[in-house]
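What follows is a set of notes on a single structure, which appears directly below.
The values are calculated or read from the model by the stated rules, or taken from the named source; none is laboratory data. Values in this document were obtained by computation on a predicted structure and should not be read as measured data. So basically every Cβ, Gly included, is an ideal-geometry build from the backbone, and we count neighbours across all protein chains shown.
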Amino acid sequence: MNVILPLLGFTFAILLICVVLIALSGFRFIPNSRIGIVEKRISGKGSLKSGFIALAGEAGYQAHVLRGGLHYLMPIQYHVHIAPLVTITQGKIGYVFARDGKQLDPTQVLASNATVSDFQDVETFLANDGQRGPQRRILREGTYAINLMQFVVITEERVFSLPLNRDEADVIRKMAEVIAERNGFRPVVIKDTDDLVGIVTVHDGPSLPQGEIIAPIVGDKPADAETYHNNFQDADKFLAANGLRGRQLQVLVEGTYYINRFFATVEMIKKTIVEVGNVGVVVSYTGELGADLSGKEYRHGEMVERGKRGVWSEALLPGKYAFNTYAGKVIMVPTTNIILKWIRSEVGSHRLDENLAEVSLITKDAFEPSLPLSVVIHIDYQKAPLVIQRFGDIKRLVEQTLDPMVSAYFKNIAQTRTLIQLIQERSMIQQIASQEMQEKFQHYNLQLEEVLIGTPTSPANDQQIETILMQLRSRQIATEQVETYGRQETAAVKERELREAQARAEMQKHITESELSITVQSNQGKAEYQRAVQQASQIRTLAEAESEKVARIGIAQALATEEQVRAYGGPQFQVTQTVLNRFAEAVQQSGIDVVPRVMINSGDGQQGSTGNVMEGLLAMLLSERLGVQVNPGAQRSAEAEALREQIKQSLKQDK
């Protein structure tokens, strides 16, 4: 008995100690950087019949969590799981997956959070019909005390969760991989320097109607997107406003957007830039069917107002546009002059003429040249939609309409002209073509500015055209040479005149000096002339005196001679004597014998006949030379007397 009491006392003490230890084990200390998730093991209300989180005291994971501090829970009945606080770093996004809640509808991809504003209050979440699965609402930067048994939070750095089993862990891991592929842990940032546009594709909500390729803008206009769903950042509001699943007509422009990548993905495309000198004609693939604005007579398609389906009647002017290229197409139409070259080796920057080649012709004289062409056209920016409505694009217009039309026109021209005419009349053909083709171009809403014709070329291995061109060049060279020679001749005349003028200018000084010299000499001559006149007068006076003196001497000598002649027998005798003297001098100088070796007698044989012969010869000679008779007589004396009297009379007059 004595042994039993101590043993009972010891056992009671041990039990008491155990009870105290068990009672003390109910205290739980939660650090402020962590939370405690309570699991209830024993409950008088039994276990959960549905769901995963106990809301009415059932055994199971409880909705509320324990924050930092000392907490007391009944030992054995409760178990506390220590978990970290959920932290989302700056500029990042966290995704939430709910393990408990209402089941998703068949059309849903993500759980609705229209009635849920906070994931930290599990009771409110479940009480307000929160749904299980990936949530539409995302977590922005910050720290959250979230029950990680109800919610799994996926961030870029880690997954916040209390794992249940391996299968669920694999699902969560795959979700994190999908988000990472879509760059979903970071917001969508569109910089103004990138000139990008965000094309949004929504993966949740009702599907598009049959025949539609793009979802319309929620609301009446794009500005309503801010009111309705804040640019796809509020998925519940988007769907509540009848937003549809699929690629959206509305685009995102410059800014930062926190979008749930499970709800919508964003594709970046370049902005539509309409350069200066162009307009953009919009062909819309979506929108309501509008009234045809092109008129009943225009049967090349329908033209509608902006926002309707079809070709818009108003083109986009130069600028940058956030245009959704999935909802339509912008066709650039140049409004500056377009040069189309029918030359195989030349292609313009717009490349509209890359498939054009020289026009093959057949001339009137059966030559087959190739004609290079250049056609300058212009498209009115207001008529650009009409051109696109008719042809679809400008290149199709060039290749399917302008090319055959222009080629046919010049083929017709070539058939009416020879090759020489085609070359020589190029300017006239250009002018005629520009005038005649304007109406044809206007029919296609084009304005023809100018037609330019090049030089016809020969086909391969054909030198006939080159031969003709060489002949034409030779003719032209000859013509130019003639012109050159004429100009050279004119230049030579001008050069001679120039040199004469230069020489005249150079000699002007000498001419002036000469004129002065002539004047001086003239004056000197006049002076000398006066001196000469005076000298001549003096000389004449002296000569007259001298001549008078000589005359007097001559008269005296003549009188003396006359008297002497008369004394000698008259003038006949004097002449005879003079002749004989000259004869004697001639005989002396010639060396003729004075006495002849042969004696010639007259026919009578008388003595003294020789003298008669000589006298006869001399008489004949003197008679012939002097024209007077040799025989002296009274006539000669009378002449002498008459001469004497004349001289005397002159002397008397001089006196």
| request: Might you let me know whether region 157-171 holds any residue that is part of a strand (DSSP E or B) and either at negative phi or outside the structural domain of Lys40 (by TED's automatic domain parsing) (or both)? | output: yes
| request: Can you tell me which residue among Ile190, Ile154 is over 24 Å from Arg34 (Cβ atoms) and aliphatic (A, V, I, L, M)? | output: Ile190
| task | Could you tell me whether region 463-484 includes any residue that is at positive phi, among the polar types (S, T, N, Q) and not in a helix (DSSP H, G or I)? | result | no
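Listed here are the residues, each with its yes/no results for (1) assigned to a strand (DSSP E or B); (2) aromatic (Phe, Trp, Tyr); (3) under 26 Å from the mean Cα position of the chain (by Cα).
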site: Leu340; (1), (2), (3): yes, no, yes
site: Glu346; (1), (2), (3): no, no, yes
site: Leu352; (1), (2), (3): no, no, yes
site: Asn355; (1), (2), (3): no, no, yes
site: Asp365; (1), (2), (3): no, no, no
| query | Checking Ala327 against (1) buried (at least 21 other Cβ atoms within 10 Å of the Cβ); (2) closer than 30 Å to Val178 by Cα; (3) touching an Asp or Glu at 6+ places or on another chain (Cβ under 8 Å), which test does it fail? | reply | (3)
| said: Just to check your reading of the model, which residue among Ser517, Ser537 is in a helix (DSSP H, G or I), more than 37 Å from the chain's Cα centre (by Cα) and surrounded by 11 or more Cβ atoms within 10 Å (Cβ to Cβ)? | reply: Ser517
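For every residue, the table says whether it meets (1) surrounded by 15 or more Cβ atoms within 10 Å (Cβ to Cβ); (2) of a type in the set (Val, Ile, Thr); (3) under 22 Å from Val276 (Cβ atoms); (4) at pLDDT below 90.
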{"residue": "Ala366", "(1), (2), (3), (4)": "no, no, no, yes"}
{"residue": "Ser374", "(1), (2), (3), (4)": "yes, no, no, no"}
{"residue": "Tyr381", "(1), (2), (3), (4)": "yes, no, yes, no"}
{"residue": "Ile413", "(1), (2), (3), (4)": "yes, yes, no, no"}
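This table checks each residue for (1) without any contact (Cβ under 8 Å) to a residue 12 or more places away in the chain; (2) within 30 Å of Val253 (Cβ to Cβ); (3) among the small types (Gly, Ala, Ser).
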{"residue": "Gly307", "(1), (2), (3)": "no, yes, yes"}
{"residue": "Asn337", "(1), (2), (3)": "no, no, no"}
{"residue": "Ala357", "(1), (2), (3)": "no, no, yes"}
{"residue": "Leu371", "(1), (2), (3)": "no, no, no"}
{"residue": "Asp380", "(1), (2), (3)": "no, no, no"}
| task | Starting from residues that are surrounded by 14 or more Cβ atoms within 10 Å (Cβ to Cβ) and touching a Phe, Trp or Tyr at 6+ places or on another chain (Cβ under 9 Å), keep the ones in region 301-324 and report whichever is modelled with the lowest pLDDT. | result | Met303
| Which listed residue is modelled with pLDDT under 90, touching a helix residue (DSSP H, G or I) at 6+ places or on another chain (Cβ under 8 Å) and more than 23 Å from Ala176 (Cα to Cα), from Pro75, Pro106 | Pro75
| message | Regarding region 438-457, can at least one residue be identified that is surrounded by fewer than 16 Cβ atoms within 10 Å (Cβ to Cβ), without any contact (Cβ under 8 Å) to a residue 12 or more places away in the chain and closer than 20 Å to Lys341 by Cα? | response | yes
| note | Among residues of region 238-259 being over 19 Å from Tyr95 (Cβ atoms) and free of Cβ contacts under 8 Å to residues at least 40 places away in the same chain, the residue surrounded by the fewest Cβ atoms within 10 Å (Cβ to Cβ) is Asn242
